[in-house]
1. Can you confirm whether the stretch 94-113 contains a residue that is free of Cβ contacts under 8 Å to residues at least 60 places away in the same chain, under 14 Å from the mean Cα position of the chain (by Cα), in the same structural domain as TRP289 (by TED's automatic domain parsing) and closer than 24 Å to PRO248 by Cα?
2. Can you tell me which residue in the stretch 199-214 is surrounded by the most Cβ atoms within 10 Å (Cβ to Cβ), limited to those that are touching a residue at least 12 places away in the same chain (Cβ under 8 Å) and out of contact with any Gly (no Cβ under 8 Å at 6 or more places or on another chain)?
3. Give me the residue from the stretch 228-249 that is assigned to a helix (DSSP H, G or I) and touching a helix residue (DSSP H, G or I) at 6+ places or on another chain (Cβ under 9 Å) and, out of that set, surrounded by the fewest Cβ atoms within 10 Å (Cβ to Cβ).
4. I want to confirm something. Restricting to the stretch 244-260 and keeping residues that are of a type outside the set (A, V, I, L, M, F, W, C) and more than 19 Å from ALA60 (Cβ to Cβ), which single residue is modelled with the highest pLDDT?
5. Starting from residues that are of a type in the set (A, V, I, L, M, F, W, C) and over 16 Å from ILE206 (Cβ atoms), keep the ones in the stretch 290-334 and report whichever is modelled with the highest pLDDT.
6. Give ARG172, ARG136, ARG194, ARG156 a once-over and let me know the one that is modelled with pLDDT of 90 or more and among the basic types (Lys, Arg).
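The values are calculated or read from the model by the stated rules, or taken from the named source; none is laboratory data. Keep in mind the model is a prediction, meaning the values are calculated, not measured. In this analysis, Cβ positions are derived from the backbone assuming ideal geometry, glycine residues included, and neighbour counts consider all displayed protein chains.
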Amino acid sequence: MIGRVEPLPVAENKPPLLVLIGPTAVGKTKASISIAQKWNAEILSGDSMQVYREMDIGTAKIRPDEMGGIPHHLIDIVNPDETFSTADFQRKARETIEEIASRGKLPFVVGGTGLYIESLIYGYEFSEGGADEAFRLAQQQYLAEQGEQALHDRLRAIDPPSADRLHPNDHRRVIRALEVAHLTGIPLSEHLARQTKESPYRLCLIGLSMERTELYRRIEQRVDQMIAEGFAEEVRLLLDKGYARELPSMLGLGYKEMAAHLAGGLTLEEASDLIKRNTRRFAKRQLSWFRHMTDIQWVETGEGKNFSKQMDEIDAIIAGKLVLKANESINDIQ
């Protein structure tokens, strides 16, 4: 297995970074704990929703009793009414990686937010033209008058790749993509395509994949479990604390639909069906994003797959890419 992986030369003197990606519900959490325990790692969340405090059930946030003694970072770091951008994630992740490495531990990013992951592992620069508050307010007014689909269609007309990547209810990022094109004359997708794909890290990028039918079944089971665990009550408490439905965090997958249910616009069954449908679509967008990341080593998971053998395959990839031994301090290889 190791023979098919080309290791990066240690002489490059880049700090090692392990990354595990994959669509929602594919099994990243379970795999990440086993990997971290074996490879002397600490985990950084690469999920754009798990940064928010008090948003636990709807984000499938790992519980303390599931962490297996592994430190987790970039979870519960901002309130639901605070802004948190891709650039914020990149900055905090870089700082955390340095802290983890200083302890001789392997930094290990786990998540499914493609732009977050790429901004970190390829060192994207965020200077796409500044800001135009008047333009932004005009787009917000258009959204209020015409609706999110009309705003999303406006983006699709000038930047189809960004429209494919962004869900219509991700108003903040849709407006930002429109703003970038307005300010620079170049679509955001072209800005991203021009970014250097040279990583500042000795990178090991592993993806978990699963047969589509099984993945969708797992998504539906997860939504049912979230509702059984009290997802509606979680959203009710957030609304009662004054977190408005229009906040970017409250427009996140599942939260928007459940808030509509609590406002009387949807039955619980209708909200559940919408969350399942939108999560399936989200998983498709994740997979579409990951397909253009050529550095990924894919590992098939799911029913009928031996978990131990999957871990053996992952171990071989890590050993080959990072030139590292299990439980070894990264200080020994730098």
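1. no
2. At the first step, the residues of the stretch 199-214 found to be touching a residue at least 12 places away in the same chain (Cβ under 8 Å) are 199-211, 214.
Narrowing the set further to residues that are out of contact with any Gly (no Cβ under 8 Å at 6 or more places or on another chain) leaves 201-206.
Details: TYR201: 24, ARG202: 23, LEU203: 18, CYS204: 27, LEU205: 23, ILE206: 23.
That would be CYS204.
3. Initially, the stretch 228-249 is screened for residues assigned to a helix (DSSP H, G or I), giving 228, 231-240, 249.
Okay, now just the ones that are also touching a helix residue (DSSP H, G or I) at 6+ places or on another chain (Cβ under 9 Å), so 231-232, 234-236, 238-239, 249.
On the way: PHE231: 24, ALA232: 19, GLU234: 20, VAL235: 26, ARG236: 15, LEU238: 25, LEU239: 17, SER249: 25.
Step by step, filter the stretch 228-249, then rank; the result is ARG236.
4. Here is the first cut: in the stretch 244-260, the residues of a type outside the set (A, V, I, L, M, F, W, C) are 245-246, 248-249, 252, 254-257.
Now narrow it down to the ones that are more than 19 Å from ALA60 (Cβ to Cβ): 245-246.
Details: ARG245: 94, GLU246: 89.
Per the criteria, the residue is ARG245.
5. As a first pass, look at the stretch 290-334 and keep what is of a type in the set (A, V, I, L, M, F, W, C): 290, 293, 296, 298-299, 307, 311, 314, 316-319, 322-324, 326, 330, 333.
This time we only want the ones that are over 16 Å from ILE206 (Cβ atoms), so: 330, 333.
Numbers: ILE330: 71, ILE333: 57.
Going through the qualifying residues, I end up with ILE330.
6. Working: ARG172 fails: modelled with pLDDT of 90 or more; ARG136 fails: modelled with pLDDT of 90 or more; ARG194 fails: modelled with pLDDT of 90 or more.
Going through ARG172, ARG136, ARG194, ARG156 in turn, the sole match is ARG156.
Quick grid of which residues meet (1) within 13 Å of GLY46 (Cβ to Cβ); (2) buried (at least 17 other Cβ atoms within 10 Å of the Cβ); (3) among the acidic types (Asp, Glu); (4) at pLDDT 90 or above:
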{"residue": "GLN90", "(1), (2), (3), (4)": "yes, yes, no, yes"}
{"residue": "ALA93", "(1), (2), (3), (4)": "yes, yes, no, yes"}
{"residue": "ILE97", "(1), (2), (3), (4)": "yes, yes, no, yes"}
{"residue": "GLY104", "(1), (2), (3), (4)": "no, no, no, yes"}
{"residue": "TYR116", "(1), (2), (3), (4)": "yes, yes, no, yes"}
{"residue": "GLY123", "(1), (2), (3), (4)": "no, no, no, no"}
